[in-house]
Amino acid sequence: MVATDQGHPRGHGVTRPWALRVGLLPEELFSTWLVRAALAQGCDPMDLTGSLWPRWRAWTVDLDRGLAPERLAVLAARSGVAAAELEAAMLHPLLAAIAPGVEPSQATWPWILAQGSRNRRRQGGLQFCPACLAEDATPYFRRSWRLAWHVGCVRHGILLSDHCGRCHSPAEPHRVRASDVTLCRCPSCGHDLRDTATSVACAEALDFQRAADHVLSTGHGIWSAVPVTRERWFHLAKTKASGRLLGLPGDQAPLGVTSLALNLQRPSERVQRLRMALRGMNGQACEMPMVARGAPGGGAARLATSRPQAKVQGEWIRLLRRSRVGHA
């Protein structure tokens, strides 16, 4: 259990450092590290954060977006992990690299997947590769799994998942209990996320994913044979991926049709968008709008839901704002 100084009730007064120091693993995502730390101390994640930050419901916001300095200082002192190392596991360094002009207080961030927090529940689950989790000596979630251009695992060649393979609830590691022992357990039905069925990832989407990772790490890229800065490259890619959904060579039926913004879509829904972005990066034009199977008269079917994009996206933004998806 979370230790407190004798004579002080839980969550009040001076608290001791954690009994077990839990270090960050390579490219580990901050929020799920916090879950692992709670399980290591033998308590639920909510108990741990209640001990760290009394009277603040930490799991009602997206902790990966960042912590206020005073809260970060408390966590560093209690965990024994340097504040700079904790910040490096969060998402705001990625935002600063990809879109430095975007204010961190903005409801959604370009290329960063939104979760849609409502109390402790999430509208969108955390992405994960079941094969990676199964191979880990200590299973953990990667920070790259919060990036919208990541739809597959390059190592295993499979599509990422973001829902439980049994009950289809969003993957919500922060809701596991101390008795679960591992963050791989679905908090809704108890199914092991490592047993989630997978499918082969789209080769073109993985090609774009590799290209985007390279631009992120090097700070520059090539777009339509022209050298551009990292910020410009991601802006062009977002514009291309957010455009009208067109048919691409080899498509037989609409793939991942949705009117939601890119960073609100599930992995399978983003595949077609990334394929479009890849062709824009290579200076290739997309073909005419795709003809959907069974369309009356064989006419071109508009690849969009019946609800206008602005309406659907507006509903998501209002949900995010109501749920305080801002800086913690």
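Listing for the model above:
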{"quantity": "Test item: Cα-centred dipole of region 15-87, Lys/Arg +1 and Asp/Glu -1 on Cβ, debye", "calculated": "320"}
{"quantity": "Electrostatic dipole magnitude of region 37-153 [Cβ: Lys, Arg +1; Asp, Glu -1; Cα centre; debye, to 20]", "calculated": "400"}
{"quantity": "Long-range amide H partners of ILE158 with built H, under 5 Å", "calculated": "CYS153, ALA201"}
{"quantity": "Stokes-Einstein D (µm²/s) once Rh is taken as the Kirkwood radius of region 75-158 over alpha-carbon pairs, at 10 °C in 1.306 mPa s", "calculated": "106"}
{"quantity": "Expected-Rg normalisation [2.2 N^0.38 Å, Cα atoms] applied to region 71-211", "calculated": "1.12"}
{"quantity": "Cα-projected label distance for ALA134 with ALA197, points at 7 Å along beta-carbon direction, nm", "calculated": "1.4"}
{"quantity": "Exposure of VAL181 as accessible area (Å², to 10), given a probe of 1.4 Å and all protein chains", "calculated": "110"}
{"quantity": "Area of ILE222 that stays accessible when all protein chains are in place (1.4 Å probe, Å², to 10)", "calculated": "90"}
{"quantity": "Full-extension gain in nm, ARG177 to GLU85, via 0.36 nm per residue minus C-alpha separation", "calculated": "30.5 nm"}
{"quantity": "Protein-only accessible surface order, largest first, of CYS189, CYS153 at 1.4 Å", "calculated": "CYS189, CYS153"}
{"quantity": "Whole-percent carbon and sulfur share, accessible surface of region 93-193, 1.4 Å", "calculated": "46"}
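The values are calculated or read from the model by the stated rules, or taken from the named source; none is laboratory data. All of these numbers come straight from a predicted model, not from anything done at the bench. Positions of Cβ are generated from backbone atoms using ideal geometry, with glycine treated the same way; all protein chains shown enter the neighbour counts. The protein model used for the area step is the full one, side chains on, heavy atoms only, and it has no ligands, DNA or RNA in it. Shrake-Rupley method; radii C 1.70, N 1.55, O 1.52, S 1.80 Å.
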